[in-house]
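Student: Take this structure first; my questions come after.
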Amino acid sequence: MPELYFDERRPAMSPAARLAGAHYPVAVIGGGQAGLSVSHCLRERGIEHIVVESHRVGHEWRARRWDSFCLVTPNWQCRLPGYPYRGDDPDGFMVRDEIVRYLEEYVAFSRPPLAEGVTVTGLRRASRGVFELTTDHGEFTADQVVVATGPYHTPAVPRMAERLPAAVTQVHSSGYRSPDRLPPGAVLVVGSGQSGCQIAEDLHLAGRQVHLAVGGAPRVARFYRGRDCVAWLDDMGHYARTIDDFDDAGAVRMRVNHYVTGRDGGRDIDLRAFARDGMRLYGRLTGIDGGRLEFADDLKANLDHADAVAEGIKDAVDAHIAARGITAPEEPRYVPVWEPSGPPPALDLTAAGITSVVWSTGFRRDHRWIEVPAFDGRGYPMHWRGVSSVPGLYFLGLPWQYSWGSGRFEAVGRDAEFLAGHIDASRRLADVCGTLTGAPAELAAALPIG
């Protein structure tokens, strides 16, 4: 194995490091919070490894988040291994640049063997059992591999986007930066998940005329009865629930996140209030015919559903407070300030002055570079707690990999600790048996069958 030199001024390994022909006990693909977390846990166990990052640490936060972006979870939930949030605003919400700084400080703290600017383009398993990794800096091998690239790979834009007039500027939410980066005129935002609602708010606050196609995403109140709802849910054990507690694990992993914001100290996102104040709301976008857009007749149902979820969470908080005799201020319940009326209107882009469309329609996973049979018929990794059905191959940072916080700063460290222990156990078995045997016996029964 090539020796890894650490520079006190730069804790990361140069991308020019010689990878070609090298062999590592463990290769970690991805240098975001997931990859850095498992690297720290591996290093704590004295396990040699390399972390390969195609750009530089914090790239996803730098390059795929808008200028006013901030976390929707409070800072106290930032709990990377050995490095919990240390700032003076635990109940606040880090903005984009603070998130990047947090990750950079974590690199300085944990000093991972990090190769930045190296893209892995292929992963396969050789007949002798080791994994072969192809990169733009040559090929190398590893006994075990952790894929820590997360779930947000390729921006998903529906094919109907091709039917929009060429004069209309189109951007995916990952490419949106600020209102002044879009041409003058009204803006249509398609999608009302976390990104869509926050981008619509960003444009609305900047004085732009916003049209929003609303989907079925739920919402949650930012604060209720004197506390952030996240704090209440944490006390109630919500974030301790695991995927094994659900009968419909596959559906849980595909759930859309509740929309809320941490902007300006945190507040609700109330689409009805936006509509009252001039934002134009529609149901799901169903068709585009040149400059004419059509929408489903589901706006009222979608708004009612979002409100019902938010109120249901408040019901659970009320029950928790009552059951434990907690002293908490009373708070009136939400009263809708706007209701849609009439059939869904069609939208003429020219008449409405719409010059831009922001597609807040999510991402697709792209694991085509992994040439190992570790996926189900939907292309989702077959795993239990990140331990895949292929011995020696692991996944980290997936939404609901094991709990709500698996894909977040809140619990990715716990998942990383579990995987590092599994990797260490497999390594020790390999030392005894002469080959990588896969999961320890007590875990084997829980692994999915490919």
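Student: Need pairs with beta-carbon distance below 8 Å; first residue closer than 19 Å to Val357 by Cβ and in contact (Cβ under 8 Å) with a residue 24 or more places away in the chain and within region 273-302, second assigned to a loop (DSSP other than H, G, I, E, B) and open to solvent by 90 Å² or more (accessible area, probe 1.4 Å); sequence gap 6+ or separate chains.
Tutor: Taking only residues 6 or more apart or on different chains, the pairs are Gly283/Asp297; Phe295/Arg284; Ala296/Arg284.
Student: Scan region 343-377 for residues that are part of a strand (DSSP E or B), modelled with pLDDT under 95 and more than 30 Å from Arg181 (Cβ to Cβ) and jot them down.
Tutor: The one that is part of a strand (DSSP E or B), modelled with pLDDT under 95 and more than 30 Å from Arg181 (Cβ to Cβ): Phe375.
Student: Which residues, counting only those in region 320-342, are open to solvent by 60 Å² or more (accessible area, probe 1.4 Å) and part of a helix (DSSP H, G or I)?
Tutor: Hits for region 320-342 are Ala322, Ala323, Arg324.
Student: For residues in region 77-115 being open to solvent by less than 60 Å² (accessible area, probe 1.4 Å) and free of Cβ contacts under 8 Å to residues at least 24 places away in the same chain, which is nearest to the chain's Cα centre (by Cα)?
Tutor: In this case the residue turns out to be Tyr85.
Student: Under 7 Å between Cβ atoms, which residue pairs at least 6 apart in sequence (or on different chains) link something in region 150-176 that is closer than 28 Å to Val28 by Cβ and open to solvent by less than 40 Å² (accessible area, probe 1.4 Å) with a partner that is modelled with pLDDT of 95 or more and of a type in the set (Val, Ile, Thr)?
Tutor: Ala156/Thr361; His172/Val157; Ser173/Ile199; Ser173/Val358
Student: Could you check region 116-132 and list, in sequence order, the residues that are of a type outside the set (Gly, Ala, Ser), assigned to a loop (DSSP other than H, G, I, E, B) and either in contact (Cβ under 8 Å) with a residue 40 or more places away in the chain or crowded, with 17+ Cβ neighbours inside 10 Å (or both)? Break it down into steps so the answer makes sense when it comes.
Tutor: Step one: list which residues in region 116-132 are of a type outside the set (Gly, Ala, Ser), which gives 116, 118-121, 123-125, 128, 130-132.
Then drop every residue that is not assigned to a loop (DSSP other than H, G, I, E, B), which leaves 118-119, 128, 130.
Selection gives Val118, Thr119, Val130.
Student: Condition test on Val252, is it outside any loop (DSSP other than H, G, I, E, B), over 30 Å from Ser388 (Cα atoms) and either of a type outside the set (Asp, Glu) or open to solvent by less than 60 Å² (accessible area, probe 1.4 Å) (or both)?
Tutor: Taking the combined requirement at face value, the residue does not satisfy it.
Student: Please count how many residues of region 268-279 are out of contact with any helix residue (DSSP H, G or I) (no Cβ under 7 Å at 6 or more places or on another chain) and either surrounded by fewer than 20 Cβ atoms within 10 Å (Cβ to Cβ) or not charged (D, E, K, R) (or both).
Tutor: Of the residues in that region, 6 qualify.
Student: Report, by residue number, each residue of region 218-249 that is hydrophobic (A, V, I, L, M, F, W, C), at pLDDT 95 or above and open to solvent by 10 Å² or more (accessible area, probe 1.4 Å).
Tutor: Val220, Phe223, Val230, Ala231, Leu233, Met236
Student: Next question, about the same structure. Which condition number does Tyr282 fail, the rest of (1) closer than 23 Å to Val72 by Cβ; (2) surrounded by 15 or more Cβ atoms within 10 Å (Cβ to Cβ); (3) among the aromatic types (Phe, Trp, Tyr) being met?
Tutor: Only one criterion is unmet by Tyr282, namely (1).
Student: Determine which single condition Leu19 fails, assuming it passes every other condition in (1) part of a helix (DSSP H, G or I); (2) in contact (Cβ under 8 Å) with a residue 60 or more places away in the chain; (3) buried (at least 18 other Cβ atoms within 10 Å of the Cβ).
Tutor: (1)
The values are calculated or read from the model by the stated rules, or taken from the named source; none is laboratory data. Keep in mind that what you see is a predicted model, and the values were worked out from it rather than measured. All Cβ positions, even for glycine, are placed from backbone atoms using ideal geometry, and neighbour counts span all protein chains on display. The accessibility values were calculated without ligands, DNA or RNA, using every heavy atom of the protein model including side chains. Shrake-Rupley method; radii C 1.70, N 1.55, O 1.52, S 1.80 Å.
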